[in-house]
Amino acid sequence: QVRVVESGGRSVQTGGSLRLSCAASGRTVGTYVMAWYRQSPGKEREFIAGIVPSGNTLHVNSVKGRFTISRDNAQNMVYLQMNDIQPEDAGVYYCNFRNSPIQWGRGTRVTVSA
């Protein structure tokens, strides 16, 4: 069974940093386009960053320069390094296979305080 489990979310102060983790099983993350998504309160889930098998990455403008997606093929993990976190970054973060998505995991919640 293919699944992903997100972790690392917690409460953080504005300007702080976090690293979110995504543990995948049943598929090798290095052979798929992997992505992080965010669902902010009252909004739909949105794509925020992706990484292709070659290692090239894409980040949406709202997080570019602050967030970095990365991958550890040996551990079959995908990460999202979040720096200079702002109140608008609060929400539940999910990872998934971008082009062949599976059932969403439970996500990991990030809350931001002043």
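What's the Cα-based Rg to Rh of the chain, Rh via Kirkwood?
With Rg and the Kirkwood Rh in hand, the quotient comes to 0.94.
Dipole orientation for the chain: of the candidates S54, A74, V92, A74 has the Cα lying most toward the positive pole (charges on Cβ; Lys, Arg +1; Asp, Glu -1). In this calculation the C-beta distance from N76 to F47 is compared with R0 = 25 Å, giving a FRET efficiency of 0.75. For a label point 7 angstrom out from the Cα of R27 toward its Cβ, which stretches of the stretch 76-111 have the backbone nitrogen within less than 14 Å? Within reach of a label on R27: 77-78, 95-105.
Inter-label distance, T57 to S17: 1.2 nm, where each label sits 7 Å from its Cα along the C-beta direction.
When the chain is fully extended, how far beyond the present Cα-Cα distance does R66 get from E88, taking 0.36 nm per residue of separation?
This chain segment gains 6.6 nm when fully extended.
Under the convention that each Lys and Arg Cβ holds +1 and each Asp and Glu Cβ holds -1, the size of the dipole of the stretch 56-113 around its Cα centre is about 140 debye. When you filter the trypsin sites (Lys or Arg not before Pro) in the stretch 33-101 for DSSP loop state and at most 10 other Cβ atoms inside 10 Å of their Cβ, you are left with K43. Solvent-accessible surface of protein heavy atoms, probed at 1.4 angstrom with all chains present, puts V2, V78 in the order V2, V78, largest first.
In a DSSP loop and with at most 14 other Cβ atoms within 10 Å, the GluC sites (Glu not before Pro) in the stretch 1-90 are E44.
The values are calculated or read from the model by the stated rules, or taken from the named source; none is laboratory data. As the structure is a computational prediction, the values presented were derived from the model and not from experiment. Neighbour counts run over all protein chains shown; Cβ positions are idealised from the backbone, glycine included. Just the protein is used for accessible areas: all its heavy atoms, side chains included, with ligands, DNA and RNA removed. Shrake-Rupley method; radii C 1.70, N 1.55, O 1.52, S 1.80 Å.
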